[in-house]
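These notes concern the structure reproduced below.
The values are calculated or read from the model by the stated rules, or taken from the named source; none is laboratory data. Just so it is clear, the structure is predicted and the values come from calculations on it, not from any experiment. Please note: Cβ atoms are built from the backbone with ideal geometry, for glycine as well, and neighbour counts cover all protein chains shown. When the accessible area is computed, the model is the full protein with side chains, heavy atoms only, and any ligands, DNA or RNA have been set aside. Shrake-Rupley method; radii C 1.70, N 1.55, O 1.52, S 1.80 Å.
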Amino acid sequence: RAAELPLTVELGDAQSLLPERPLSSVDEIAVGARISRQGTADAQAGDLEAVLVPVRQGSSGALIELRISNIRP
């Protein structure tokens, strides 16, 4: 929820969207954030979002700041 921002999130294998492919099994992931105006998981026009940030494997403990500053066309 937007009211909970700013928010700190820790990513690991447990947060993988595909259990058979843990985050530790890939060299790089793209981290992003979106606030849905409709309250759905699917991205839609008018949603607020941050630019995706690539994160390489081995960046353990790295802090990545996402700024939700774009409106999805």
Unit charges on C-beta of K, R, D, E only; dipole of the chain, Debye: 260 debye
Relative contact order (percent, whole number), the chain, Cα cutoff 8 Å, 6+ residue spacing: 27 percent
Computed over the chain, the ratio Rg/Rh where both radii use C-alpha atoms and Rh is Kirkwood: 0.98
Qualifying GluC sites (Glu not before Pro) for the range 9-73 [loop in DSSP, other Cβ within 10 Å: at most 14]: GLU10, GLU20, GLU65
Segment SER16-ILE29, length gained on full extension (0.36 nm per residue, minus Cα span): 3.6 nm
Å² of accessible area per residue within the range 2-61, as computed with a 1.4 Å probe and no ligands counted: 77 Å²
Of all accessible heavy-atom area on the range 31-73, the percent that carbon and sulfur account for (1.4 Å): 52 percent
